[in-house]
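A short worksheet on the structure shown next.
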Amino acid sequence: WTVYCSEDYAARHGTPKVRDELSRHSIIGMKGPMALLPGPRWLKEAAPDAPVPFSSNSLSNLLHSLRAGLGIATLPCLSGDQERGLVRCMAPPPELDSELWLIVREDVKAEPAVRAVADFIAGEILANRGVWTGRSH
């Protein structure tokens, strides 16, 4: 996860480069279960006094609000780096690093076809670690 904004927002307001600059920007907030995700929770804790012009419980509304230039918000790097018109504001905060688990049912994990798919997925994730972690930006 890291902080993103629209190209237009960046041109008008600049981008926060470090955590201490977040409260100087408008934040697009999240509500409901979406607010409990690591990125939105971190942003709210990092900038508790920042203005929040818009909040939603929908990822699609968050993306539309970001593109419209209403403020900054957090997204997983894997998603945010792919979105046209969005700018990554800062490096991914280390405290938002998390594990990724590949879960396979115990009763089928040794079957050759299941093992082959699991090994392939794990290999692709490891080979593209920079994309998943946002460190290849």
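Quick notes on this one:
- Residue within region 88-104 that is of a type in the set (A, V, I, L, M), closer than 13 Å to residue 4 by Cα, within 17 Å of the chain's Cα centre (by Cα) and assigned to a helix (DSSP H, G or I) present: no
- Comparison of 78, 102 shows that the only residue that is over 20 Å from residue 41 (Cβ atoms) and either modelled with pLDDT under 95 or out of contact with any helix residue (DSSP H, G or I) (no Cβ under 9 Å at 6 or more places or on another chain) (or both) is 102.
- When region 4-37 is filtered for residues that are in a helix (DSSP H, G or I), in contact with a strand residue (DSSP E or B) (Cβ under 8 Å, 6 or more places away or on another chain) and open to solvent by less than 60 Å² (accessible area, probe 1.4 Å), the ones remaining, listed by number, are 9, 10, 22, 34, 35.
- Yes/no for residue 70 being crowded, with 18+ Cβ neighbours inside 10 Å and farther than 13 Å from residue 34 by Cβ: yes
- Among (1) of a type in the set (Gly, Ala, Ser); (2) modelled with pLDDT under 95; (3) over 13 Å from the mean Cα position of the chain (by Cα) - the single one residue 35 does not satisfy: (3)
- Odd one out for residue 73 among (1) assigned to a loop (DSSP other than H, G, I, E, B); (2) among the small types (Gly, Ala, Ser); (3) closer than 16 Å to residue 18 by Cα: (1)
- Filtered by the rule that a residue be without any contact (Cβ under 8 Å) to a residue 60 or more places away in the chain and either under 24 Å from residue 24 (Cβ atoms) or touching a helix residue (DSSP H, G or I) at 6+ places or on another chain (Cβ under 6 Å) (or both), region 59-72 gives 61, 62, 63, 64, 65.
- Of all residues making up region 73-91, the number that are touching a residue at least 60 places away in the same chain (Cβ under 8 Å), surrounded by fewer than 17 Cβ atoms within 10 Å (Cβ to Cβ) and touching a Phe, Trp or Tyr at 6+ places or on another chain (Cβ under 9 Å): 1
- Count of region 39-58 residues, restricted to those that are assigned to a loop (DSSP other than H, G, I, E, B) and either free of Cβ contacts under 8 Å to residues at least 12 places away in the same chain or not β-branched (Val, Ile, Thr) (or both), is 8.
- Residue in region 110-126 that is in contact (Cβ under 8 Å) with a residue 12 or more places away in the chain, under 25 Å from residue 17 (Cα atoms) and not basic (Lys, Arg) present: no
- Within region 47-55, the presence of a residue that is touching a strand residue (DSSP E or B) at 6+ places or on another chain (Cβ under 9 Å), within 21 Å of residue 95 (Cα to Cα) and open to solvent by 60 Å² or more (accessible area, probe 1.4 Å) is excluded.
The values are calculated or read from the model by the stated rules, or taken from the named source; none is laboratory data. Being a predicted model, the structure only gives us computed values, none of them experimental. Glycine also receives a Cβ, built like all others from the backbone with ideal geometry; neighbour counts cover every protein chain displayed. These accessible areas exclude ligands, DNA and RNA; they are computed on the full protein's heavy atoms, side chains included. Shrake-Rupley method; radii C 1.70, N 1.55, O 1.52, S 1.80 Å.
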